[in-house]
Amino acid sequence: MFALTGDKAARNRHLPGVPFLLLALAVLLAVTWTATYTITSREENAALEATAFHAQRLTEFFESHANTTFQYADDYIKAVRRIYLRDGTLESVRQFMAAVPPSTAILSHITMMDANGVPKLISTGKKERKIKPGTHARDRDYFKFQKANTADTVYISSARKGRNTGLLTVRLVRRITAADGKFKGLIFAAVKVPQLLNFFESMRIGGNSSATLVGLDKRIRIRQSQKGFDGIGKTVSQSKLWEELPKSDTGSYRQTSIVDGVTRLWTYRKVGDFPLVAVIGTAYVDTLMTLDDVRAVRYAVAGLISVIGLVLVFFARRAIIHTRLETELEERRRSEAELRTAKEEAERANAAKSEFLALASHELRTPLTSIKGSLGLLVDGAVEGISEKSKEILAIANRNTDRLTRLVNDILDMERIETGKLEYNFTSLRLDNLVTEAVVANSGYAEEYGVKFLFGKMDADTRVRGDGDRLTQVVANLLSNAAKFSPVGDNVEITVTRNNGTARVSIADTGPGIPADRSEHIFDKFTQVDASNSRAKGGTGLGLNISKSIIEEHGGTIGFDSEFGVGSTFFFTLPVAH
Ligand code: ADP
């Protein structure tokens, strides 16, 4: 299921790490959100700039439109007034107006009043309106203004609905001054407000925008917003306009409306020579609102990218980890397989070696036994006529044959131990007797190395369960080491003791002792404490290792106490059998 091809493993090495993925994610998120934020705020600024530009153009248009309209109205009433003052009769005015009627698209009607504010003529040029008796305009602001004002100043009133027509108009009013300078009445043109503001609806300047014509006396003449005409006649002395206007006839400022509380960008322009200022208010909320949707979409996209990024990284991370695990698993499998093969090979080689050793040892033992037998006969003097010198040589050859036999036997034993083929024949036996017999049987070592084997404490009737031959082999081995390493003439003391269910055989010598740093390995195979010394004394480093195996197979322990330069006591213990 997790099988991994070589290709895949190679690919795996080129896979990015998880930290790299997280870094990539962080970069993606940072770039996405920074870009979104930057683009959005840039767009907002651009939109505000565009709005300001648009508002300015609009204000220019508004001002020029109002100026043209009022100029037309003013020119018309001035012409009418001139004719009236020249001829002094309403009839000549009527004739003029019939001949050159005012534009009904711009003006609703022309009215002339006498010095008492009583209308004398209300005309559209083509039609004359009947004047109800008793009507007068003495209480109207424009009348009061022009009556009090001696100069020829134009006055524009706040918009209001006509009493008869119901039309919303502003009155552009001039006084009529007699040749003697006396106030003779006034004349006004009623300018249609919808015509003045006809651009407003089509301009799409936003639901919260407004267009205002405000008088220099700070009173609103006309104002239109989405709600219609509102704020007309209101005094707006708190407007920043009055701070800005003295600086320049045209400009802009930001302020919250006094009329409806909406924050706007206000752009203004003085209307020609009229005592009016045209003001366009553009609400920030409108400008930014159009961006709201775009911004929402953009942030949603950024969010989506972030989520996709997160999900991708999550799955990529899983895939990487999974692939890594697969690779690891595969590598482990491969190394396990390699180990198995190596083990099998080693086992095969070992088996071959064991087989060879067993065969070689066997093949060596047979001739060795025969040589030993022959030498024995010669040394024992079974053959006559052998000189003493020859006998000595034969004795040396005999000892060497013994060594060779022991070596072959040791190698064979070691092999058997390793392959688990060393067989034991357990019986109940007396350890004290076994040791005594072993010492006697191996007294040859004492002779060979010029030492004496002495018995120390020998606890009689110390019974153990064991293989007599193998235990004898251990004792012989310890004796041979003790004899080998003790100085000539010294004693090797052998004791058999029993204590708390444990039998103990000790063999103490006065040899060189075992240095502490070597004591750990002394029972290892092929270990010799001092190779040069041991080589001189002979030996292979197998004896203690074989002895240890044998004793442990008996459930006992083997060890030594040693003082370097003073001597060693090798011992083994066995459980006492009852
Ligand atoms: P060997 O055949 O070399 O004697 P052993 O396994 O019997 O092999 O002993 C291993 C080594 O332990 C010896 O070569 C020797 O260096 C050290 N050794 C064993 N017995 C003694 C001892 N009684 N005194 C000093 N060294 C000893």
Out of (1) surrounded by 17 or more Cβ atoms within 10 Å (Cβ to Cβ); (2) farther than 14 Å from V439 by Cβ, the one P487 does not meet is (1)
Among (1) surrounded by 15 or more Cβ atoms within 10 Å (Cβ to Cβ); (2) part of a helix (DSSP H, G or I), S335 falls short only on (1)
If we scan segment 430-438, do we find a residue that is more than 16 Å from the ligand (Cβ to nearest atom) and closer than 28 Å to F564 by Cβ? yes
Those residues of segment 505-523 which are crowded, with 19+ Cβ neighbours inside 10 Å and more than 10 Å from the ligand (Cβ to nearest atom) amount to V505, S506
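I'd like the full set of residues that are open to solvent by 50 Å² or more (accessible area, probe 1.4 Å) and more than 17 Å from T497 (Cβ to Cβ), limited to segment 444-466.
Those that are open to solvent by 50 Å² or more (accessible area, probe 1.4 Å) and more than 17 Å from T497 (Cβ to Cβ): E447, E448, K452, R465.
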Looking across segment 547-578 at residues that are part of a helix (DSSP H, G or I) and charged (D, E, K, R), the single one that is nearest to the ligand (Cβ to nearest atom) is K548
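When only residues in segment 268-284 that are aromatic (F, W, Y) and over 11 Å from V154 (Cβ atoms) count, which is least open to solvent (accessible area, probe 1.4 Å)?
The qualifying residue least open to solvent (accessible area, probe 1.4 Å) is Y268.
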Taking segment 80-91 and keeping only residues that are within 13 Å of M112 (Cα to Cα) and outside any loop (DSSP other than H, G, I, E, B), one is left with V80, R81, R82, I83, Y84, L85, L90, E91
Within segment 467-484, residues being open to solvent by less than 40 Å² (accessible area, probe 1.4 Å) and within 15 Å of the ligand (Cβ to nearest atom) number 11
Checked segment 313-352 for anything of a type outside the set (G, A, S), free of Cβ contacts under 8 Å to residues at least 60 places away in the same chain and closer than 30 Å to T34 by Cα; matches are F314, F315, R318
Note on D87: of the conditions (1) under 30 Å from G251 (Cα atoms); (2) open to solvent by 60 Å² or more (accessible area, probe 1.4 Å), unmet is (1)
Flagged pairs (Cβ under 9 angstrom, 6 or more apart or on separate chains; first in segment 481-493, among the basic types (K, R); second assigned to a helix (DSSP H, G or I) and near the ligand (Cβ under 7 Å from one of its atoms)) are K484/S534
Given (1) touching a residue at least 12 places away in the same chain (Cβ under 8 Å); (2) of a type in the set (S, T, Y); (3) more than 30 Å from V154 (Cα to Cα), S209 misses just (3)
- Task: Please work out if A460 is in the same structural domain as V440 (by TED's automatic domain parsing) and within 15 Å of the ligand (Cβ to nearest atom).
- Result: no
Filtering segment 351-376 down to residues that are under 26 Å from Y449 (Cα atoms) and surrounded by fewer than 12 Cβ atoms within 10 Å (Cβ to Cβ) yields S370, G373
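The values are calculated or read from the model by the stated rules, or taken from the named source; none is laboratory data. Just so we're clear, the structure is a prediction, and the values are computed from it rather than from any experiment. Virtual Cβ from ideal backbone geometry, glycine too; neighbours counted across all protein chains shown. What goes into the accessible areas is simple: the full protein's heavy atoms, side chains included, and nothing from ligands, DNA or RNA. Shrake-Rupley method; radii C 1.70, N 1.55, O 1.52, S 1.80 Å.
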